[in-house]
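The values are calculated or read from the model by the stated rules, or taken from the named source; none is laboratory data. Worth saying up front: this structure is predicted, and the values here are computed from it rather than measured. All Cβ positions, glycine included, derive from the backbone under ideal geometry; neighbour counts span all protein chains shown. Areas reflect the complete protein model, heavy atoms only, side chains present, ligands, DNA and RNA absent. Shrake-Rupley method; radii C 1.70, N 1.55, O 1.52, S 1.80 Å.
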Amino acid sequence: MAEGFTSAAERTAFIAGLPKAELHLHIEGSLEPELMFELAQRNGVAIPFASVEEVRAAYAFANLQDFLDIYYQGMGVLHTEQDFHDLTAAYLARAHADHVRHVEIFFDPQGHTVRGIAFGTVIAGITRALDEAETRHGITSKLIMCFLRHLSEADAEATLDEALPYLDRIDGVGLDSSEVGHPPSKFQRVFARARSLGLKIVAHAGEEGPPAYVHEALDLLKVDRIDHGNRSLEDPALTRRLAAEGICLTVCPLSNLKLCVVDDLAAHPLRVMLGAGLVATVNSDDPSYFGGYVNANYQAIADALDLSRAELITLARNSFTGSFLDDEAKARHLAAITAYCA
Ligand SMILES: Nc1ncnc2[nH]cnc12
Ligand SMILES: [Zn+2]
């Protein structure tokens with residue numbers, strides 16, 4: 001058994017109760033098939049599936065694009081403020097059950113505005129659920145608006161314009177969707193404007209794309225955090241730089257497995273990342289599509305790599321140090337981890 005545990009059951013219980021933050025979660029990727037059917041019926045939207053089982057059976061992906069095609073189709077059932085609320089509330093209830101104390105949630109406004117849904121409808125539904133979760137469960141949150149990188153920079157600029165009235169509720173901007181062929185450099189100007197507005201900056205990089213995209217995210221977008229970042233390890237100088245600058249990587253083990261970024265979780269680079277001194281974290285990405293929320297991700301990678309108690313504690317600590325919480329809140333959460341481990 002891994003160092004620090006006497007049995008697998010002890011490690012499972014330790015993971016379950018460990019206070020943690022989730023920093024890489026696409027709210028549209030938490031849409032469970034059951035809710036998809038309910039919302040399709042509520043809104044009179046046709047979906048090309050006859051049952052929940054059929055939806056789950058369709059979740060077999062050879063790469064990121066396979067997944068994205070079905071992900072954009074799935075979010076088509078989201079129409080009203082109540083829909084966005086119910087989606088977000090369902091995720092937060094799951095996160096609470098996993099002892100998540102803080103979440104930094106992505107949403108894809110262009111996936112909704114292109115269908116005629118108002119930006120304000122999306123924000124109102126999501127933020128109502130976030131506020132309720134803070135009152136009800138004590139879960140704090142940040143909201144990160146992602147630009148779809150397969151669309152143009154002009155489209156991203158227009159989306160940032162639409163966000164201006166809601167900046168009191170938006171903490172950062174990110175970059176997601178089809179990575180290869182859409183490098184960070186394509187979005188240099190819109191990210192510069194977002195930075196000048198005081199927004200935090202993140203970008204998916206090195207999921208399928210090469211280490212050069214991680215360099216661009218750092219040098220051109222000036223990111224505060226890298227989402228995924230797996231392929232950074234192919235470049236030793238880049239790895240040393242990420243470690244030296246303390247750049248957090250939001251790693252998503254079950255996503256990496258489902259999207260064939262790794263062939264086998266036993267070959268996942270998470271332990272190598274920790275060994276290289278990287279601020280790696282564990283996250284669920286799109287839990288409904290990839291088969292598990294955050295604790296399932298901790299469990300799967302702990303089983304595959306036989307992670308020790310000390311490594312699991314480091315991952316949970318990294319989730320707070322890599323967050324956009326203020327120093328006082330970070331210190332409170334780190335103290336809670338210490339108390340849990342005592
Ligand atoms: N893992 C992922 N990579 C890129 N874009 C995404 N959108 C939702 N999940 C994503
Ligand atoms: Zn993602």
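Just a few scattered comments:
- Against the list (1) within 16 Å of ligand 2 (Cβ to nearest atom); (2) touching a Pro at 6+ places or on another chain (Cβ under 6 Å); (3) of a type in the set (Lys, Arg), the condition Arg101 fails is (1).
- Residues that are buried (at least 24 other Cβ atoms within 10 Å of the Cβ) and over 14 Å from Leu151 (Cβ atoms), drawn from the stretch 175-186: Pro184
- Residue selected from the stretch 28-63 under the condition of a type in the set (S, T, N, Q) and surrounded by 13 or more Cβ atoms within 10 Å (Cβ to Cβ), by the criterion farthest from Ala90 (Cα to Cα): Asn63
- Of the residues making up the stretch 224-254, those that are open to solvent by 10 Å² or more (accessible area, probe 1.4 Å) and within 14 Å of ligand 2 (Cβ to nearest atom) are Asn230, Leu254.
- Residue satisfying all of: in the stretch 140-172; closer than 18 Å to Asp286 by Cα and within 16 Å of ligand 1 (Cβ to nearest atom); farthest from the chain's Cα centre (by Cα) among these: Arg149
- Tabulated pairs, the stretch 32-61, first farther than 15 Å from Met75 by Cβ, second modelled with pLDDT of 95 or more and loosely packed, with under 13 Cβ neighbours inside 10 Å, C-beta under 8 angstrom, 6+ apart or interchain: Val52/Glu34
- Answer from Gly277, Gly292 - the residue that is under 23 Å from Pro19 (Cα atoms), away from ligand 2 (no atom under 16 Å from the Cβ) and touching a helix residue (DSSP H, G or I) at 6+ places or on another chain (Cβ under 7 Å): Gly277
- Scoring His24 on the criteria (1) in contact with a helix residue (DSSP H, G or I) (Cβ under 7 Å, 6 or more places away or on another chain); (2) under 30 Å from Asp326 (Cβ atoms); (3) within 16 Å of ligand 2 (Cβ to nearest atom) leaves a single failure, condition (1).
- Pairs meeting the criteria (first residue in the stretch 250-261 and over 12 Å from Gly292 (Cα atoms), second residue of a type in the set (Val, Ile, Thr) and within 12 Å of ligand 2 (Cβ to nearest atom), beta carbons under 9 Å, at least 6 apart or on different chains) are Thr250/Val202; Thr250/Ile226.
- Checked against the criteria, Met1 counts as open to solvent by 50 Å² or more (accessible area, probe 1.4 Å) and either part of a helix (DSSP H, G or I) or closer than 27 Å to Leu334 by Cβ (or both).
- Between Ser177, Ser196, Ser232, the distinction of being within 13 Å of ligand 1 (Cβ to nearest atom) and among the polar types (S, T, N, Q) belongs to Ser177 only.
- Test result for Val122, within 16 Å of ligand 1 (Cβ to nearest atom), surrounded by fewer than 22 Cβ atoms within 10 Å (Cβ to Cβ) and more than 19 Å from Lys258 (Cβ to Cβ): no
- Taking the stretch 300-323 as the range and being part of a helix (DSSP H, G or I), surrounded by fewer than 23 Cβ atoms within 10 Å (Cβ to Cβ) and out of contact with any helix residue (DSSP H, G or I) (no Cβ under 8 Å at 6 or more places or on another chain) as the test, only Ala310 passes.
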